[in-house]
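Shown next, in structure tokens, is the structure this report addresses.
What follows is calculated from the coordinates using simple rules that are stated; it is not laboratory data. Just so we're clear, the structure is a prediction, and the values are computed from it rather than from any experiment. Cβ coordinates were reconstructed from backbone atoms using ideal geometry, including for glycine residues, and neighbour counts include every protein chain displayed.
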Amino acid sequence: MGVRIRLSKQTLTVLDALLTRPGQWQHGYSLSQSTSIPSGTLYPILMRLEKLQWLETRWEEAKTPGRPPRHLYRLSGTAREWAREEIHAAQERRFWKPAEHEA
Amino acid sequence: MSVANQERPAVARFARWLLGCAVRHWPEENRAWGLALAAEIDETWSAFETLKWSFGGIMLFSRSVLSSVWKWMKLPAGSSLSGGAVGPEGSSLLPKRSRVFTAVVLAVAALLLALPEGREAIRTVRASWQEYGQSDSDARTLEKLAARAKKEKDASTLAFVALSTGDPKRAEVLTDQAVALDPELIWIYGARNHWPKNDPPRQDWLARLQAADPDNAVPYLLEAHAVAGPRVHNLYDHGTPKDADFEVAESDSKWMALMERAYSAPRYDSYFQRHYQLTRTLWNREKSLSFVLVLSGLWSHAFPSLLNLRTFADVKIHEAQKARTAGDWKRAESLLAEVDAFGMRMAAGSGTKIEKVIAWSVSRRANKEMAVLYSSLGKTEDERRATLRVEQIDSSFQGLRPGHDSADHERAQTFQREALLVQGFGILAVIAVLAALAGVLMLELWPSRIRNAQTISRRVPCWLADYGPTTLLVASVAFLMSFLPFQRAFEEYRASNYALLNEERLLDSMWGLLEIPQYVTGVNAAVSIWTFVTVALSALLLFVLARGFYRMRRTVAKPA
């Protein structure tokens, strides 16, 4: 069961990106590209979300031989609802506004 | 197309290599995240992107390492993040305090001792264990001072170093440099103590000093001591000197001429006051200087030789006795008055105890003989006057004896008690730091050996790591607090003009500190150490017997 906490602007951006395709697994690099958050900031957020059990992770076998397996992320079922609520509340408070996502 | 498929520039290759290194050293508990970040590097689109991604990876790595270190620090010494140092029976036997606690307590203790007050206390106590001798570090400090003074053409600092250094050749060079820069400092020619005999004062220095200060007896006395041959030095070798011994001494014409000049000189000044002012000014300017360094020059100040003065006084008195026997009582009276007058001049012009004692001793001998002379002449009034003078001198001697004044005695006793505390807490702090380091290092360096050791061998390092740092902190605070009276004595000495009272306070404080080191390193060290060992072993034996008795009673009280 996850825990709800106060979220930063960058965390809200990551949650928003993960909510774009809610059920689909996403890679770290593509999340970084879509949110423009550098890896040094993105991964601590992902680690924290995983610790709070908002994030589900799994390893994906490499499609190209010789490459390492890649890590995939998506929001858990309950966390999706909470993320939407947090994003909505943050927008109402004018604390955060969504960025333009790539199509 | 990802950069993986392109030709990789050197900077991108370097970024990958760097991230690879980071992953290899990533903390165990979140290494998976490092692998996840590193796996994405093949998806980057350009060399710049690769570099940026790696930089983020390094940031994450640093953060993970710091977080891991912090977690490790929060554990007790000897334990690891994966869980270690567990006893053979599975029971955990680790120190109770965390590494953070140990590190913070040790750091606070180190900080306290690194404060200027702490450094002064350590320097002083360390010096007391070296019998207040100059250390190698003191010699280096003097050299640095001399180099700076030479560069800045600071004559007084050069003079200070010349009077303080233990190297006679260096002292000679520095003395000349100081006087060349400031001729007013010519008195330093007569202030450096030139014993042992292989470091005699230079004749040209004494000649220049006599020319610059012709009315002062001291330059003549210093030269007389330097030129005195064995005929003078050996006067008392066979007990009370006889007529022949005096004749031998009197035949040293150069010595006799110099002593005559000294005895007839209108003034006596051993330059101690000037030396003191020079030292005080420098100590106020260079407050971080060790007091041993500052005072060593002052305490080895050149004073005229007691033996020399006594010998010449006895030669004069012997001459007076001969004149009395020959019936020339006027000459006898004149010779004795000459000796007495010199003694009084010397006592009036001297600022130190030792000089006063020498002066009174000379004067006393003359007055005693004068009483005999007047008695033989039947001059009762003059005899009474001379006897009274002898009594006055004796009473002055009494006044200078240690413990004569109850306030002085009390002060010396207080310093002795406080010194015991200072040395006690100092020793406790040293033991505590060694114990804490030993405990922590044993637990950190050989955790598996400690893990497999007997219970008592595991308990001791844990106990040392737990209580060593706290004991060190408490002992350091107590050490600094107990040193405060000594610091005040130094401060008063540094701030005051020269006065015997200030010097006595300082000396009392310093002799007090010597009390314990004398037991351990003095001539009776073996006796003290064996006494300590005997007492300690007896206490241990008593403890073992008492414990055995107690256990036996418990066994009897609780039968199986």
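Take each residue of peptide A:66-75, count the partner chain Cβ atoms within 10 Å of its Cβ, and average: the result is 3. Extending 7 Å from the Cα toward the beta-carbon at both B:Leu484 and B:Ser98 defines two label points whose distance is 3.3 nm.
Derived scalar couplings between HN and Hα for the range A:62-70 equal 5, 7, 9, x, x, 9, x, x, 9 Hz in order, rounded to whole Hz, by the Karplus curve 6.51 cos²θ - 1.76 cosθ + 1.60 (θ = phi - 60°), x for Gly and Pro. Taking a ≥ b ≥ c as the square roots of the eigenvalues of the alpha carbon gyration tensor, the range B:129-247 is oblate, as a/c is not under 1.5 and a/b does not beat b/c.
Residues of the range B:157-182 with backbone nitrogen within less than 11 Å of a virtual label 7 Å along the Cα-to-Cβ line of B:Ala525, please, listed as ranges. Under cut-off, by backbone N: nothing.
Entry note, chain B: relative contact order of 14 percent, from Cα contacts under 8 Å with a spacing of 6+ residues.
Shielding of peptide A:20-30 by partners, expressed as the average count of other chain Cβ atoms within 10 Å per residue Cβ, is 2. Where only DSSP H runs of four or more residues are counted, chain A gives -15000 deg cm²/dmol as its mean residue ellipticity at 222 nm, each run worth -39500 (n - 2.57). In order along the range B:97-114, phi translates into HN-Hα couplings of 8, 7, 5, 4, 4, 4, 5, 5, 5, 5, 5, 5, 4, 5, 5, 4, 6, 8 Hz, rounded to whole numbers, per the Karplus curve 6.51 cos²θ - 1.76 cosθ + 1.60 with θ = phi - 60° and x for Gly and Pro. What residues qualify as long-range amide H neighbours of A:Leu55, i.e. H under 5 Å apart, gap of 5 or more or another chain, H built at 1.01 Å from N? For A:Leu55, the qualifying residues are A:Glu50, A:Ser76. For the range B:347-421, a simple Cβ point-charge model (Lys and Arg +1, Asp and Glu -1, everything else neutral) yields a dipole of about 160 debye relative to the Cα centre.
Straight-line cross-link reach from B:Lys71 at under 21 Å between alpha-carbon atoms covers these lysines, not counting any fewer than eight positions away in the same chain: A:Lys51, B:Lys96. Think of chain B as having a plus end and a minus end, set by charges on the Cβ of Lys, Arg, Asp and Glu; of B:Ala412, B:Gly548, B:Ser395, B:Gly548 sits farthest toward the positive end of this dipole. Computed from Cα atoms, the angle from the helix B:116-129 axis to the main principal axis of chain B rounds to 60 degrees. You can think of it this way: the chain between B:Lys144 and B:Ser396 has 86.3 nm of extra reach, that is 0.36 nm per residue less the Cα-Cα gap.
Only helical runs count toward this figure. For chain B, summing -39,500 (n - 2.57) over DSSP H runs of n ≥ 4 and dividing by all residues gives -25000 deg cm²/dmol at 222 nm. Given R₀ = 30 Å, what would the calculated FRET efficiency be for A:Arg84 paired with B:Arg63, taking r from the Cβ atoms and rounding to 0.05? My answer for the efficiency is 0.55. Cross-link partners of A:Lys97 among aspartates and glutamates, defined as those whose alpha carbon lies under 16 angstrom from its own and excluding same-chain residues fewer than eight positions apart: A:Asp16, A:Glu85, A:Glu86. Look at the dipole of chain B built from charges on Cβ: of B:Ala224, B:Ala429, B:Pro461, the Cα furthest out on the positive end belongs to B:Pro461. The charge dipole of the protein assembly as shown, taken about its Cα centre with unit charges on the Cβ of Lys, Arg, Asp and Glu (plus for the first two, minus for the last two), comes to roughly 3240 debye. Projecting label points 7 angstrom from Cα along Cα→Cβ for A:Ala62 and B:Leu111 puts them 5.0 nm apart. Dipole of the protein assembly as shown (Lys/Arg Cβ +1, Asp/Glu Cβ -1, origin at the Cα centre): which of B:Leu377, B:Phe55, B:Thr311 lies farthest to the positive side? Going by the Cα projections, it comes out as B:Phe55.
Remark: spin-label model distance B:Asp136-B:Arg449 equals 3.0 nm, labels positioned 7 Å along the Cα→Cβ axis. Given R0 = 30 Å, the distance between the Cβ atoms of B:Glu184 and B:Glu250 translates into a calculated FRET efficiency of 0.20. Per residue of B:28-34, other chain Cβ atoms within 10 Å of the residue Cβ number 2 on average. Phi angles of the range B:154-170 translate, via the Karplus equation with coefficients 6.51, -1.76, 1.60 and θ = phi - 60°, into HN-Hα couplings of 9, 5, 5, 5, 4, 5, 4, 5, 4, 7, 9, 5, x, 9, x, 5, 5 Hz per residue; Gly and Pro are given as x. Taking 0.36 nm per residue of sequence separation and removing the Cα-Cα distance, the B:Gln416/B:Arg551 pair yields an extension gain of 44.3 nm. In the structure shown, the pairs B:Lys254/B:Lys379; B:Lys254/B:Lys316; B:Lys316/B:Lys379; B:Lys242/B:Lys316; B:Lys153/B:Lys353; B:Lys287/B:Lys353 are assessed against 25 Å; a Cα-Cα span above that value is assigned to B:Lys254/B:Lys379; B:Lys153/B:Lys353; B:Lys287/B:Lys353.
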